[in-house]
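Comments concern the structure below.
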Amino acid sequence: MNELLTDEVYEGVDFVINPIIADFEDCIFKSCLFAKANLSKLTFINCTFENCDLSAVKLTQTALQECEFIDCKMLGIAFEACSDFLFQINCQSCILNFSSFYKLDLTLSQFYQCQFKEADFTEANLSTVFLSECDLAGATFEKTNLQKTDFSSALNYTLNPDKNKIAGAVFSKEGIAGLLSSYKIKIV
């Protein structure tokens, strides 16, 4: 059992040089470096990460419960390795390019002004998720549950309605091309 640290603020800490061997609740991480760090089997409950670099972190059986990420660089993260128990992340102005959410339940998560270029949402559950002003260029949606997902302000997505569940999803008129691209038709 790891030591539980609560109500702490960490600013400018390099967790690559100083590996973590504790669990965190109600903690704030500001301008910290986690890139390529091993955070496996750790628990983060109600924690906030601001302006942190978490690119390529290892999250095998890591619990992310009610965690908020603001202005974070989160490239190439395999989120599907996380513990799925109460998994919830809320991201604002984050770069999540090349990350994978394969088979992950994201129904409790929200995303605002994030980049998901080349992200993988294959077989994920995004039902009821709001993708506010998110850039989804090159993101993969296959066998993805997108029922009641709000794409109304999302950008650059392409998805095949025949290969995904989209009942009740919300799309803007400008985004219709992204729904029809798999049919190889022209929209004028």
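The values are calculated or read from the model by the stated rules, or taken from the named source; none is laboratory data. Model, not experiment: these values are computed from the prediction. Note that each Cβ is placed from the backbone with ideal geometry, even for glycine, and that neighbours are counted across all protein chains shown.
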> Can you name the condition, by its number, that Gln65 falls short on among (1) touching a Ser or Thr at 6+ places or on another chain (Cβ under 9 Å); (2) modelled with pLDDT under 95; (3) not basic (Lys, Arg)?
Replying inline: (2)
>> under 21 Å from Glu25 (Cβ atoms) and touching a strand residue (DSSP E or B) at 6+ places or on another chain (Cβ under 7 Å): which single residue out of Glu66, Glu80 fits that description?
In response: Glu66
> Name the residues in region 48-65 that are surrounded by 17 or more Cβ atoms within 10 Å (Cβ to Cβ) and within 19 Å of Leu4 (Cβ to Cβ), would you?
Replying inline: Thr48, Phe49, Leu59, Thr62, Ala63, Leu64, Gln65
>> Can you pull out every residue in region 88-102 that is over 12 Å from Lys117 (Cβ atoms), part of a loop (DSSP other than H, G, I, E, B) and among the small types (Gly, Ala, Ser)?
In response: Ser93
>> So, in region 92-101, exactly how many residues are among the hydroxyl-bearing types (Ser, Thr, Tyr) and either surrounded by 20 or more Cβ atoms within 10 Å (Cβ to Cβ) or in contact (Cβ under 8 Å) with a residue 24 or more places away in the chain (or both)?
In response: 2
